[in-house]
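Asker: Once you've had a glance at the structure underneath, I'll fire off some questions.
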Amino acid sequence: MKRKVLAMLLTAAMAASLMACGGGGDTSAESTEQTAGSEADTSSEETDSKEADESEQAEAPAADDGGSDYGGITLTFLNSKPEITDAVKKVTSAWGEAHGVTFEVTETSNPNDTLMANYQSGDAPILAVVDDANVLDFAAEHLLPLDGETWEGYTDMGKYVDGKLYGFPLTVESHCIVVNKAVVEENIGREFAAGDYKSIEAFEALLKEMRENGMETPVAVLPDIWSMVGHDFYPFYAYQDGTGEGAFALVDAVKGGKDIFEDELFYNHADFMSRVVAEYNINKADPLNADHDMTVLALAEGEVGFLLNGTWTWPELESMGASKSDDYTIMAYPNGSASAGKVMAAPTKYIVVDNSNATEEQQAAAKEFLNYLVMDEAGQKALIDDLGIVCAFTNNPNIPSDPINKALMQYISDGNTVTYLPLAFPSDYRDTITPAVQKLMTGEGDIRALADVLNDYWKNNDPNGR
C-alpha cells in the first residue's frame with residue numbers, strides 16, 4: 001500500500017485508538033457463533049501447526065533476512081483469526097526455518113477464555129493474535145511492552161495501555177456491506193455506485209427496484225450473534241461524528257439522562273435494520289437460525305446482491321468459488337449523518353507477546369519476527385499476499401489483490417472512513433443487548449425496548465479505553 005494511503009487513515013479513521021470489530025472479550029452463549037475480524041468461528045478450537053501443508057510452505061516468501069539463529073527454540077502462536085490460520089502457518093514456517101525457530105500454531109474462536117485458561121495453567125502462548133479488549137485485560141500482568149520497536153505507522157494504530165504499547169496492529173478491517181456489484185448491475189441494468197445510496201431512503205428504493213426486477217430478497221444477514229448484534233447494531237455510534245470521541249459523547253449523554261430512543265441516528269438505524277433489512281433479508285423466514293455458510297454462499301452465487309458483514313469475508317467467498325477478478329466492492333451502512341457514505345475502518349486484531357512464561361530468548365525471537373513483518377521486503381509482502389490483509393504500517397508498499405480489500409484501500413485513499421468503535425465496549429455489552437436485538441429482527445420486539453436496554457446498560461457501565 002502507498003505510504004500516503006495509510007497515512008490518511010491515521011487522520012481520517014483513527015481519531016481514537018480503541019476500536020472495532022464487535023466486543024473483543026465477549027463470550028457469547030450461542031454455540032454456532034463465528035468470529036470475523038475480531039471474532040471468527042472455527043469448527044475446531046485448536047489446530048496443530050505441524051499439519052501445515054508442505055507445498056504451501058515451499059511457496060512462502062524467502063525469509064532469510066540475515067537475522068539471528070535461535071538454534072531450534074519453539075514459539076507457540078495462538079491465532080484468533082481462523083480464516084488466516086493456514087497463511088500464519090506458511091509465513092511462520094518460512095521465517096522459522098531461516099532462523100532456527102519452530103512455530104506451533106493453534107487456533108481459537110475465543111481468545112479471552114483461551115488465554116485465561118493458558119495463564120492459569122502456566123502454559124501461555126509466546127505470541128497471540130487477540131482482540132482489543134484482550135490487550136486491555138492481560139497487558140498489566142502478562143504482556144510484554146513493545147515500546148522500543150521502530151515500526152512506521154503504528155503510533156496511532158497500536159494498542160496502548162497506561163501509555164505503553166502492547167498490541168502490534170495486525171490488520172485494518174471494515175465492517176460494511178459487501179456488494180456483488182456484477183449481480184446488482186445485471187438486475188438494475190445500470191452501473192452501481194455506492195455513493196448513490198448513502199441515505200436509507202435511497203438504499204430502500206434500490207432494494208425495492210431489485211425486488212420488482214425479480215430478486216425478491218436482495219440482502220443477506222448473517223444469523224451469528226457476533227455479526228447481527230455485535231456489528232449490525234453499532235453503526236449509530238460510529239457515525240455520531242465519525243470519531244471514537246463522538247461515540248463516547250453519546251454514551252456520556254445517556255449517562256446524563258438522555259433517552260437514546262431520542263437519538264436520531266440510533267432510531268433511524270434501528271428502524272433501517274428492523275424494517276428495511278429484515279424485509280429484504282434472504283433469511284427473513286427464520287433470521288436467527290439460518291446457516292452461516294449458506295448465507296455467505298448466497299452472495300457468492302448471486303442469489304443476493306448485498307451481504308452485511310465485513311472485509312474479512314473474502315477468504316470465505318473465495319473458498320466458495322469467487323475469483324479475485326470478480327466485481328465485488330463494499331459500501332457504508334446508509335444513514336443520515338454528515339459522514340454518510342464513509343465506511344468504518346480501523347485495526348481489529350493485534351499481536352501480543354507473552355511476559356509471564358516466555359524466556360528472554362523467546363521474546364527476542366518473537367519481536368524479531370514482528371520486525372520482519374514490518375521492515376523486511378519479504379515480510380511486508382507476506383502480510384499482504386499471504387495473510388490477505390490491509391496493513392497498518394505506512395512503509396509497506398504492497399497492495400491487496402482481492403477486490404474487497406482493494407475497495408477498502410480506495411476508501412482509505414479517498415479519506416472516506418470513520419472510526420471503528422465497539423472493541424472499546426465492555427465484554428458483556430453484546431450479550432446484554434442480544435435478546436432485545438434478536439426480538440427486534442424477528443418482529444417480536446420494538447425499538448423502544450432496545451433503547452431501554454441500552455439506557456440501562458450505559459447508566460451502569462463505562463466504555464474501555466477512556
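Condition check ((1) out of contact with any Phe, Trp or Tyr (no Cβ under 9 Å at 6 or more places or on another chain); (2) more than 22 Å from K89 (Cβ to Cβ); (3) at pLDDT 90 or above; (4) assigned to a helix (DSSP H, G or I)) across all residues:
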| position | (1), (2), (3), (4) |
| --- | --- |
| A346 | no, yes, no, no |
| N371 | no, no, yes, yes |
| V374 | no, no, yes, yes |
| A382 | no, no, yes, yes |
| D385 | yes, no, yes, yes |
| N395 | no, yes, no, no |
| N398 | yes, no, yes, no |
| N405 | no, no, yes, yes |
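Asker: Can I ask one more? In segment 316-332, which residues are closer than 13 Å to L297 by Cα and not in a helix (DSSP H, G or I)?
Answerer: Selection gives M320, G321, A322.
Asker: Right, something else. Among G321, G257, G242, which is the only one that is without any contact (Cβ under 8 Å) to a residue 24 or more places away in the chain and more than 29 Å from N213 (Cβ to Cβ)?
Answerer: Sole residue among the options that is without any contact (Cβ under 8 Å) to a residue 24 or more places away in the chain and more than 29 Å from N213 (Cβ to Cβ): G257.
Asker: Oh, and also: How many residues are free of Cβ contacts under 8 Å to residues at least 24 places away in the same chain and part of a strand (DSSP E or B) when one looks only at segment 161-175?
Answerer: Residues in segment 161-175 being free of Cβ contacts under 8 Å to residues at least 24 places away in the same chain and part of a strand (DSSP E or B): 1 in total.
Asker: Moving on to the next point. The conditions are (1) of a type in the set (A, V, I, L, M); (2) modelled with pLDDT of 95 or more; (3) not in a helix (DSSP H, G or I), and V276 fails exactly one of them. Which is it?
Answerer: The one condition V276 does not meet is (3).
Asker: Here is a further query. Whether any residue in segment 320-339 is under 19 Å from the mean Cα position of the chain (by Cα), under 30 Å from N134 (Cα atoms) and polar (S, T, N, Q) is what I want to check.
Answerer: no
Asker: A further question on this structure: Out of segment 77-128, which residues are more than 20 Å from the chain's Cα centre (by Cα), hydroxyl-bearing (S, T, Y) and within 24 Å of P315 (Cβ to Cβ)?
Answerer: Taking segment 77-128 first, the residues more than 20 Å from the chain's Cα centre (by Cα) are 89-105, 116-126.
With the extra rule that they be hydroxyl-bearing (S, T, Y), the set shrinks to 92-93, 102, 119, 121.
Matches in segment 77-128: T92, S93.
Asker: Confirm whether A285 is surrounded by fewer than 15 Cβ atoms within 10 Å (Cβ to Cβ), among the hydrophobic types (A, V, I, L, M, F, W, C), without any contact (Cβ under 8 Å) to a residue 24 or more places away in the chain and farther than 21 Å from W458 by Cα.
Answerer: Working: surrounded by fewer than 15 Cβ atoms within 10 Å (Cβ to Cβ): yes; among the hydrophobic types (A, V, I, L, M, F, W, C): yes; without any contact (Cβ under 8 Å) to a residue 24 or more places away in the chain: yes; farther than 21 Å from W458 by Cα: yes.
Here the answer is yes, as A285 does meet what is asked.
Asker: When the residues of segment 118-138 are filtered to those that are touching a Lys or Arg at 6+ places or on another chain (Cβ under 9 Å) and of a type in the set (A, V, I, L, M, F, W, C), which remaining residue is modelled with the lowest pLDDT?
Answerer: Taking the candidates together, the pick is L136.
Asker: Looking at A128, A133, A140, can you tell me which residue is in contact with a strand residue (DSSP E or B) (Cβ under 8 Å, 6 or more places away or on another chain), buried (at least 22 other Cβ atoms within 10 Å of the Cβ) and of a type in the set (G, A, S)? Before the answer, list the steps.
Answerer: Numbers: A133 fails: in contact with a strand residue (DSSP E or B) (Cβ under 8 Å, 6 or more places away or on another chain); A140 fails: buried (at least 22 other Cβ atoms within 10 Å of the Cβ).
Criteria check complete, one pass: A128.
Asker: Among Y429, Y411, which is within 27 Å of F248 (Cβ to Cβ), in the same structural domain as D241 (by TED's automatic domain parsing) and aromatic (F, W, Y)?
Answerer: Testing whether each residue is within 27 Å of F248 (Cβ to Cβ), in the same structural domain as D241 (by TED's automatic domain parsing) and aromatic (F, W, Y) leaves just Y429.
Asker: Among the residues of segment 360-369, which ones are surrounded by fewer than 19 Cβ atoms within 10 Å (Cβ to Cβ) and either within 18 Å of G167 (Cβ to Cβ) or touching a residue at least 40 places away in the same chain (Cβ under 8 Å) (or both)?
Answerer: If the condition is that a residue be surrounded by fewer than 19 Cβ atoms within 10 Å (Cβ to Cβ) and either within 18 Å of G167 (Cβ to Cβ) or touching a residue at least 40 places away in the same chain (Cβ under 8 Å) (or both), then E361, Q363, A364, K367, E368 are the ones that fit.
Asker: Now, a different point. Applying the selection to segment 172-194, what residues are at pLDDT 95 or above and closer than 24 Å to S337 by Cα?
Answerer: C176, I177, V178, V179, F192, A193, A194
The values are calculated or read from the model by the stated rules, or taken from the named source; none is laboratory data. This one's a predicted model, so the numbers in the text were calculated from it and none came from an experiment. Neighbour counts run over all protein chains shown; Cβ positions are idealised from the backbone, glycine included.
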